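The values are calculated or read from the model by the stated rules, or taken from the named source; none is laboratory data. None of these values were measured; they are calculated from a predicted model. Methodologically, a virtual Cβ is constructed for each residue, glycine included, from the backbone with ideal geometry; neighbour enumeration extends over all protein chains shown.
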Amino acid sequence: MALLIAAALACALIALPSSAQALEVTATTARSNSDNDNSIYGGMETRVTWEAQTASDESLSTLTLDYPDGSTIPANQVKVTGLSGLNRITLDYTVASVDADTVAISFNTPTQAGLLIRVEASKAVLPAEGGSLSVSGSATLANGAQVDIPNGPAMNVVGVSVAQQLSNKLSEQGWVQAWNQNRLLHMFFDPTIIVISIPAVFHGWLLALLMVVCSFPIAIVIGLLLCFLRISHVGILRFLGSLYVNIVRGTPLFLQIYIAFFGLPLLGINIDNYLLSVIVMSLNSGAYLCEIFRAGIESISKGQFEAARSLGMNAVQTMFFVIIPQAFRRVIPTMTSEFILLYKDTSLFAAVGVMEMVMFARSITATTGNMTPYIVAALFYLLVTLPLTKFINIFEKRLADPSHGHKRGGSTPSPARLTDEETTLLESAPKVDSEHVTATSSLPGTQA
Amino acid sequence: MTEGNQPIVRIEDLHKSFGTNEVLRGVNINVKRGEVVVILGPSGSGKSTMLRCINLLEKPTSGHIWFEDTDITAKHTDINKVREHVGMVFQSFNLFPNLTALKNVTLAQVKVLKRSKEEAREVAIRQLERVGLGDRIDYYPSELSGGQQQRVAIARALAMDPHVMLFDEATSALDPELVRGVLDVMKDLARQGMTMIVVTHEMGFARDVADHVVFMDGGVVVEEGTPEEVFDHPKSERTKKFLGDIKLK
């Protein structure tokens, strides 16, 4: 702003000594190029109209207009007319481009003095960044005097993202128009909406990933603690552990989200949405991880406990140095499944207005009435889940491979009782989800 | 090891029930320092259960077990302390499958005896060499034969400097050609004066190595004595029948 004033002052200072009768710019406007309102968008074609009143003794021989930096003004689309009162005066002129945003108009016969000069630039594209833009320029009078034209009134141009520009470009393409003739392709795979959706959904993708990456480690800690409660020898601890696990796993996450997001504010507790999401996800996933860890620990043969204890290790040492390192390897596939589930479950937070991937997609669908953003969101989910699923498969193969497995050392002659326990345990552990079932069923202990 | 006549392990009227099934019905056994005691008996006679009671892997229902001067069946006894001095070798080896042979042997030294990593490593290498596996220290259990795994398990127990070693059918899970290597290691140990309580079906080993043979059946000690007494002049009919069955095989 200060710069503009300084520039205007400078112009005024330069203009004043050369001529007292400067052109007076009366209007700088652009036609709205929005489908919805009267906004003027940058980066899209519009028509810019510039008007200036010449003084009663001024007649122009040339006029150079400098449109905002970054504009594209096709010289052959520039139309100049003169207005005297209500009369339209045809002018004899030629237009040349100085550069992309500057045109030079030379009048073959100097304009009549006192005319209102109107310059209409069609198919003009204002800069995509938008802003408060105005047109400056200079003129040569018939008497040879140079006149600088100060900035006229500014136009408010709405900025447009690169994606929007690309989308606009695409919508002009013949093949895109043909593509969108098909109702299915248009509603679900519209290229112009795909390019708009990608940056927004990507933003949501990062947020969803951040949510799950923050909550999963916390869930692991909670899961381990719960697991220790559940295998504890103290009855009350075991009871508390299973109470928590059964309540959390026995109610939908969706309901838990509602209770947390609508209940806490009622108690006067206001927590940032993302933080609360992470807390809810950690508490929920911790219960599932608890059962996964318990299945893993109980799949380790009794002989491992006995060997460690017979060497004088206490229960805690046995757990941390012998059992958990082995159990951890076995539960990696199931844990990865749980990670995938948790990652997908971030979408549930859209229901309480957390801006995650589905929410970003939905906001575009809401303005376009098109399903394409949801398809883009689906692809972003797959971007994470497919490689992880692949990883699970590879890891399971490795665990099943005898050269990597621990057949000889791990199997005891009498594991029958334990295996039965494992089977029931593994059936009760997973969420009702096919991924879980396939992953848990591959714990090495159950394959024997 | 001090030679002497005071028992290192004294089992007195040991009872153990699993639910309504009484597996041990009053067992009395004394093991002297430096002695090799071999426990024989048909399956289900309670010999493994008895052995597992000595380091409280099974909790006795009643009776007393003294290890050195400690009554390990007393409530206040720190069983972990006792277990440091009682080495155990299992039928199914129970090596830690995620650790190399060397790490299997060092783990408890570092965590329980608080030895430095260097010292534990030195001890481990010495013990692994003692069981003939000096060239296998970086192998994982799955890369070793059953016999080799069992020898690692013996080295793992020996590294804790036990005062007594318990062998629970240490060769029963092995292929016949691998049994010999493990028995040789056990014979060496016996020769070096280690106190050993061995549950086995290897009659040859019992005859050659045992100082004292205990024959158990039905949860009680039926007969005991020197190998000559038990093998050549058994008094009890049950012992005779058991030895006869073994010979028929």
Considering only residues of region A:33-78 that are closer than 13 Å to A:Ile117 by Cα and among the charged types (D, E, K, R), which is surrounded by the most Cβ atoms within 10 Å (Cβ to Cβ)? A:Glu58
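Please determine, by comparing only the residues of region B:38-62 that are in contact with an Asp or Glu (Cβ under 7 Å, 6 or more places away or on another chain) and surrounded by 18 or more Cβ atoms within 10 Å (Cβ to Cβ), which one is nearest to B:Pro227 (Cα to Cα).
Pass one, region B:38-62, residues in contact with an Asp or Glu (Cβ under 7 Å, 6 or more places away or on another chain): B:41-42, B:45, B:48-49, B:51-52, B:57.
Then keep just the ones that are surrounded by 18 or more Cβ atoms within 10 Å (Cβ to Cβ); that gives B:41, B:45, B:48-49, B:51-52, B:57.
Details: B:Gly41: 14, B:Ser45: 19, B:Ser48: 20, B:Thr49: 23, B:Leu51: 20, B:Arg52: 23, B:Leu57: 28 Å.
Among residues in region B:38-62 that are in contact with an Asp or Glu (Cβ under 7 Å, 6 or more places away or on another chain) and surrounded by 18 or more Cβ atoms within 10 Å (Cβ to Cβ), the one nearest to B:Pro227 (Cα to Cα) is B:Gly41.
Return yes when A:Phe202 is touching a residue at least 12 places away in the same chain (Cβ under 8 Å), among the aromatic types (Phe, Trp, Tyr) and either part of a helix (DSSP H, G or I) or assigned by TED's automatic domain parsing to the domain that holds A:Ala315 (or both) and no when it is not. Full working, then the answer.
Values: touching a residue at least 12 places away in the same chain (Cβ under 8 Å): yes; among the aromatic types (Phe, Trp, Tyr): yes; either part of a helix (DSSP H, G or I) or assigned by TED's automatic domain parsing to the domain that holds A:Ala315 (or both): yes.
It is true that A:Phe202 is touching a residue at least 12 places away in the same chain (Cβ under 8 Å), among the aromatic types (Phe, Trp, Tyr) and either part of a helix (DSSP H, G or I) or assigned by TED's automatic domain parsing to the domain that holds A:Ala315 (or both).
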Pick from region B:77-90, criterion out of contact with any Gly (no Cβ under 9 Å at 6 or more places or on another chain) and assigned to a loop (DSSP other than H, G, I, E, B), ranking: farthest from the other protein chains (Cβ to nearest Cβ): B:Thr77
Can you tell me which residue in region B:139-171 is farthest from B:Glu119 (Cα to Cα), limited to those that are more than 10 Å from chain A (Cβ to nearest Cβ) and among the hydrophobic types (A, V, I, L, M, F, W, C)? B:Ala170
Only one of (1) of a type in the set (A, V, I, L, M, F, W, C); (2) within 12 Å of chain A (Cβ to nearest Cβ); (3) under 20 Å from the mean Cα position of the chain (by Cα) is not met by B:Phe67, so which one is it? (2)
Take the residues of region A:305-320 that are under 25 Å from A:Ser242 (Cα atoms) and facing chain B (nearest Cβ under 7 Å): which is nearest to the chain's Cα centre (by Cα)? A:Gln317
Lone unmet requirement of (1) assigned to a helix (DSSP H, G or I); (2) closer than 16 Å to A:Ile257 by Cβ; (3) hydrophobic (A, V, I, L, M, F, W, C) for A:Phe339: (2)
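For region B:1-56, enumerate the residues that are assigned to a loop (DSSP other than H, G, I, E, B) and either closer than 27 Å to A:Met313 by Cα or β-branched (Val, Ile, Thr) (or both).
Taking region B:1-56 as the starting set, the residues that turn out to be assigned to a loop (DSSP other than H, G, I, E, B) are B:1-6, B:19-20, B:33-35, B:41-46, B:55-56.
Result: B:Met1, B:Thr2, B:Thr20, B:Arg33, B:Gly34, B:Glu35, B:Gly46, B:Asn55, B:Leu56.
On the basis of being assigned to a helix (DSSP H, G or I), more than 9 Å from chain B (Cβ to nearest Cβ), crowded, with 21+ Cβ neighbours inside 10 Å and touching a residue at least 24 places away in the same chain (Cβ under 8 Å), does A:Leu289 make the cut?
When the stated conditions are applied, A:Leu289 passes them.
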State the number of residues belonging to region B:93-136 that are in a loop (DSSP other than H, G, I, E, B) and either free of Cβ contacts under 8 Å to residues at least 24 places away in the same chain or under 20 Å from A:Phe321 (Cβ atoms) (or both). 15
